[in-house]
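Everything below concerns the one structure shown next.
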Amino acid sequence: RAKNDGRNLYRFFEPGMDAVVQARRALEVDLEAALPRQEFDLDFQPIMNIASGEIIGAEALMRWHSPARGRVAPDDFIPVAEETGLIVPLGEWALRKACAVAASWPPGLRIAVNVSAVQLKSSGFARSVISALAFSGVPAGQLELEITETVLMDESKAVLKTLRQLRELGIRIALDDFGTGYSSLGYLRRFPVDKIKIDRSFIRDMGNRDSAAIVRTIIGLGAELGIVVTAEGVETERQLDMLRDNGCVEAQGYLIGVPSKPAEIQRLLKSRATRSQTG
Ligand code: C2E
Ligand code: MG
Ligand code: MG
Ligand code: MG
């Protein structure tokens, strides 16, 4: 009912909106078909321990190569998948795929997977995580789930219960895009979190005094709370130096490595592992 009313309203007030609604519907249709057609892929971006310079793992990032649309950015299709509910099977695919890839990495390396609010709230999420680990043979201690603050916004008891359950298994929880939400500090107090990832907008603007102060404060906060802090979007040596000087634990960004195909990231991880074993 609301949808039809909406359409009529659009048509009445703003003729252009009809095209917008149709384009959006077409995107939903393409997205729906893309999973069975195997149009999705994962890239992996390395994460470095700043003090040692070692690569400690990688984050899985979803890619959609649509035959009709070309490459579609996650920021353009993930929100649509969330609204239609497709993110639940799509996210489960990503989790299983990421674990399958990480199973062939040298032992001890971390695999980070992004999880949407919709997934976390869906029943059976914890079960699907456990199943992905069991199927791949990746130990729970090597899996990190990245959630954004919006996940926690409604503070549902069910979400809290799921997070606790996952953590009891040894899975780490990272708060992604930290500092961009409405109540970043409040979430840290209420939710069990192992890591915070400083949003790349703060790293990008670190030349600016206020942003630099914010980055230093988040790093200090992490140290006080015993939470690992990762800087996202590190692109320059200067940024990395500033982060190192301020005691930031981990860094991720184009300077350390761009998101790459599984074979490429595996080569990188293996060469690092071999080097550290042989001194
Ligand atoms: P995110 O989880 O915060 O991922 C980091 C984003 O920053 C990625 O964009 C990555 O390619 C980009 N990035 C990394 N280093 C740099 C850098 O040095 N400079 C700049 N400018 N960008 C950098 P991407 O791959 O486009 O993903 C965007 C967002 O889409 C992700 O942000 C995440 O929120 C979401 N996403 C990606 N894959 C998945 C997934 O499998 N599931 C869910 N639910 N969300 C995903
Ligand atoms: Mg992430
Ligand atoms: Mg992020
Ligand atoms: Mg993000």
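Read the figures in this text as sums done on the coordinates, not as results from a lab. These numbers were taken from a predicted model, which means no experiment stands behind them. Ideal geometry is used to build each Cβ from the backbone, glycine not excepted, and the neighbour counts take in all protein chains shown.
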* **Selection from the range 220-261 of residues that are crowded, with 17+ Cβ neighbours inside 10 Å and among the basic types (Lys, Arg)** => none
* residue 90 vs. criteria near ligand 1 (Cβ under 10 Å from one of its atoms), touching a residue at least 12 places away in the same chain (Cβ under 8 Å) and either in a helix (DSSP H, G or I) or on the phi > 0 side of the Ramachandran plot (or both) -> yes
* Asked: Which residues, taken from the range 118-148, are crowded, with 19+ Cβ neighbours inside 10 Å, free of Cβ contacts under 8 Å to residues at least 40 places away in the same chain and not β-branched (Val, Ile, Thr)?
  -> 119, 125, 133, 145
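Yes or no, residue by residue, for (1) within 23 Å of residue 181 (Cα to Cα); (2) within 16 Å of ligand 2 (Cβ to nearest atom):
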site	(1), (2)
67	no, no
72	no, no
80	yes, no
94	no, yes
106	no, no
116	yes, yes
132	no, no
170	no, no
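Going by what's in this entry, would residue 94 be described as closer than 22 Å to residue 63 by Cα and surrounded by fewer than 22 Cβ atoms within 10 Å (Cβ to Cβ)?
On the way: closer than 22 Å to residue 63 by Cα: yes; surrounded by fewer than 22 Cβ atoms within 10 Å (Cβ to Cβ): no.
In short, no.
Identify, from the list 143, 95, 169, the residue that is within 21 Å of residue 250 (Cβ to Cβ) and either in contact with a helix residue (DSSP H, G or I) (Cβ under 8 Å, 6 or more places away or on another chain) or of a type in the set (Gly, Ala, Ser) (or both). Walk me through how you get there before you give the answer.
Working: 95 fails: within 21 Å of residue 250 (Cβ to Cβ); 169 fails: within 21 Å of residue 250 (Cβ to Cβ).
On inspection, the qualifying residue turns out to be 143.
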* To do: Could you check, for the range 222-230, whether at least one of its residues is within 13 Å of residue 178 (Cα to Cα) and within 16 Å of ligand 4 (Cβ to nearest atom)?
  => yes
